[in-house]
There are 2 protein chains.
Amino acid sequence: MSSKLTFVLFVLLALAGCSAPEPEPEPVAVPEPEPPPRIEYALAIHGGAGVIDPSMPESTRTAYEESLERALHLGRSILDRGGPSLDAVERVIRLLEDDPLFNAGKGAVFNHLGENELDASIMNGANLACGAVAGVRTVKNPISAARGVMEQTRHVLLGGPGADEFAREIGLEAVAPEYFYTVRRWEQLQKLRDRPPGDERGTVGVVALDREGNLAAGTSTGGLTGKRYGRIGDSPIVGAGTYADNRTCAVSGTGTGEEFIRHGVARSVAAMMELGGLTLAEAARRVVHETLSPGDGGIVAVGADGSIAMEFNSRGMYRGAADSQGRFEVKIWD
Amino acid sequence: MSSKLTFVLFVLLALAGCSAPEPEPEPVAVPEPEPPPRIEYALAIHGGAGVIDPSMPESTRTAYEESLERALHLGRSILDRGGPSLDAVERVIRLLEDDPLFNAGKGAVFNHLGENELDASIMNGANLACGAVAGVRTVKNPISAARGVMEQTRHVLLGGPGADEFAREIGLEAVAPEYFYTVRRWEQLQKLRDRPPGDERGTVGVVALDREGNLAAGTSTGGLTGKRYGRIGDSPIVGAGTYADNRTCAVSGTGTGEEFIRHGVARSVAAMMELGGLTLAEAARRVVHETLSPGDGGIVAVGADGSIAMEFNSRGMYRGAADSQGRFEVKIWD
């Protein structure tokens with residue numbers, strides 16, 4: 001038999017096999033529940049948790065809500081057009097850093113010497129790469145310095161003048177320390193003796209899931225009003241204020257940083273999912289309401305499935321959430 | 001019936017009840033296995049993990065072993081006479097800091113500018129109190145500054161000149177930056193170009209369980225030879241290089257600090273016990289050999305039950321272990 005004939009016979013048999021399936025009885029039409037549409041991307045942001053007075057002037061409240069909405073819009077547009085979660089995190093945090101309403105970048109609180117010392121961190125859930133800076137004084141956007149540490153050094157955390165110097169070396173915009181001065185934060189420092197320390201917080205944080213399924217998280221802060229010179233909080237501490245791992249979730253925290261370090265809050269949420277089998281919602285609730293104490297603060301988190309958790313145990317938390325399903329919300333209190 | 005008579009009757013009845021138990025059949029003598037004697041206290045120390053050359057001169061090896069034995073003796077004597085684990089941790093680390101053999105305190109490595117920047121942290125497993133300093137340059141014993149932060153501030157971590165200033169304020173011994181100069185470490189910096197960075201490590205750490213059942217952990221280091229100015233490693237990061245929680249264990253790590261931060265190594269061991277139900281030995285093995293990569297370093301850990309784990313994935317780890325059962329051993333390689 002020639003190879004040509006073999007080939008023709010093979011094709012005919014193959015066609016017969018394909019075109020003549022066994023006739024099967026028509027299945028009874030049972031309407032199946034539609035699977036929920038997959039969440040393609042999601043993002044959550046916070047602008048700090050703490051004692052937020054519900055009787056604040058309408059104009060102040062509107063200003064916060066508009067800032068959060070602007071940030072959420074920016075993040076959503078990056079994710080919607082397929083941008084990486086890491087870019088969404090960095091760019092939204094830069095926007096919030098430049099906004100004097102929040103205690104990060106411009107608008108940072110003063111330490112007890114009347115200086116601004118800024119902390120930030122960022123983490124890539126795809127490969128656990130992370131970077132952070134602590135105590136910078138001349139970097140306009142600390143979150144970008146954190147990203148620089150992650151991508152351009154073999155280190156994870158740079159602190160103090162060495163971190164400022166590094167940011168200049170990689171070409172980030174430098175500012176005079178006075179850039180961070182705002183009347184409101186200066187007056188807060190002066191009034192500190194009349195109020196419990198650290199009850200005014202405005203740390204910012206962003207967590208995001210992109211269309212590729214990659215998670216990222218970032219946090220940026222001026223710390224606590226009246227903090228000691230040199231005090232480093234949880235925001236630049238990977239595992240405490242920030243964590244991201246594609247296998248579980250991305251988390252950013254805000255509140256009494258010392259408690260977030262002590263309990264390794266951001267990493268704990270991931271660990272409870274990974275080791276304890278909890279859902280994101282359960283893990284977030286447990287960490288915020290059982291591990292932490294009332295008043296300590298809160299977290300925003302996004303899971304690998306696009307679920308979003310925003311939990312806090314303080315009187316309020318500036319926050320917002322958006323996803324590919326059309327969710328788009330900004331809240332301050334319950 | 002007078003109250004006196006009542007009393008007498010009561011006493012007689014009580015005596016009868018006490019003195020006349022039901023005669024029981026003699027039990028058949030089944031020899032039961034002796035329960036293992038409870039470990040009353042335990043301690044483990046490390047002096048760094050990394051590429052430790054087994055062909056080092058006999059005199060060098062003996063010097064390391066003697067230093068580790070001296071440290072172990074000191075810790076054991078504190079714990080044996082009922083001292084708190086926190087004191088054992090601090091005092092043993094001070095001894096190792098003062099010993100130029102180790103990369104902590106005197107003997108710290110140089111950063112790329114030829115300066116010494118020291119990091120340390122300490123944690124109390126009884127209440128999760130913790131304190132740390134990063135990048136100090138004039139504190140003779142950084143571990144005591146870390147304890148000062150824990151006990152005398154509302155903060156957890158102080159960095160840079162603010163941490164040096166704090167240590168002076170609380171009366172700790174200050175030294176000129178030149179105190180930390182040693183010929184050996186200076187030569188290591190000069191030779192850095194000929195060798196992979198950070199392959200010489202000597203971070204010190206101590207974990208202890210005391211007779212009260214309290215765990216404590218501490219870590220102190222000069223960091224990596226040739227590190228960037230301002231680089232902060234895992235040693236001052238609670239959850240990364242150090243963790244202690246009476247419910248599970250106390251852990252101190254040594255190695256590539258960035259990996260220890262990324263994976264939250266010290267806290268992960270505790271989380272695997274708490275959330276995953278692993279034993280200390282299993283958790284330590286899993287974190288060191290599965291989470292971390294070969295060459296990253298190692299940990300020493302002591303459990304609430306007095307069990308000790310010393311795991312490493314590098315060519316060696318200077319280490320020692322002692323407990324109330326008479327265990328007393330010092331090792332460098334397998």
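Residues are listed down the side, and each one gets a yes or a no for (1) of a type outside the set (S, T, N, Q); (2) buried (at least 24 other Cβ atoms within 10 Å of the Cβ); (3) out of contact with any strand residue (DSSP E or B) (no Cβ under 8 Å at 6 or more places or on another chain); (4) not in a strand (DSSP E or B):
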| residue | (1), (2), (3), (4) |
| --- | --- |
| B:Ala217 | yes, yes, no, no |
| B:Lys227 | yes, yes, yes, yes |
| B:Met273 | yes, no, no, yes |
| B:Leu278 | yes, no, yes, yes |
| B:Glu282 | yes, no, yes, yes |
For B:Thr256, which of the numbered conditions (1) of a type in the set (Ser, Thr, Tyr); (2) closer than 18 Å to B:Glu90 by Cβ; (3) within 13 Å of another protein chain (Cβ to nearest Cβ) fails to hold?
(2)
Can you tell me which residues in the range B:267-285 are within 12 Å of chain A (Cβ to nearest Cβ), in contact (Cβ under 8 Å) with a residue 24 or more places away in the chain and over 13 Å from B:Ala240 (Cα atoms)?
B:Met273, B:Glu274, B:Ala283
Grab the helices (runs of 4 or more DSSP H) fully contained in the range A:125-190, keeping just those with 2 or more residues being closer than 23 Å to B:Lys227 by Cα and not basic (Lys, Arg).
A:142-152, A:160-169
Sort out which residues of the range B:229-242 are facing chain A (nearest Cβ under 8 Å) and not in a loop (DSSP other than H, G, I, E, B), and write them in order of number.
B:Arg231, B:Ile232, B:Val238
Filter the range B:121-159 for residues that are surrounded by fewer than 24 Cβ atoms within 10 Å (Cβ to Cβ) and of a type in the set (Val, Ile, Thr); which is nearest to the other protein chains (Cβ to nearest Cβ)?
B:Thr153
Scanning the range A:24-60 residue by residue, those at pLDDT below 95, surrounded by 15 or more Cβ atoms within 10 Å (Cβ to Cβ) and not in a loop (DSSP other than H, G, I, E, B) turn out to be A:Gly48, A:Ala49, A:Gly50
Test: B:Ala250 is in contact (Cβ under 8 Å) with a residue 24 or more places away in the chain, more than 9 Å from chain A (Cβ to nearest Cβ), surrounded by fewer than 24 Cβ atoms within 10 Å (Cβ to Cβ) and touching a Ser or Thr at 6+ places or on another chain (Cβ under 8 Å):
no
Would you mind stating whether A:Arg168 is within 18 Å of B:Ile232 (Cβ to Cβ) and touching a strand residue (DSSP E or B) at 6+ places or on another chain (Cβ under 8 Å)?
no
Given (1) facing chain B (nearest Cβ under 9 Å); (2) surrounded by 24 or more Cβ atoms within 10 Å (Cβ to Cβ); (3) touching a strand residue (DSSP E or B) at 6+ places or on another chain (Cβ under 7 Å), A:Val288 misses just (1)
Please enumerate the residues belonging to the range B:63-120 that are in a loop (DSSP other than H, G, I, E, B), surrounded by fewer than 18 Cβ atoms within 10 Å (Cβ to Cβ) and hydrophobic (A, V, I, L, M, F, W, C).
B:Leu113
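The values are calculated or read from the model by the stated rules, or taken from the named source; none is laboratory data. Note that the structure is predicted; figures quoted are calculated from it, not measured. Every residue, glycine as well, gets a Cβ built from its backbone with ideal geometry; the counts of neighbours run over all protein chains shown.
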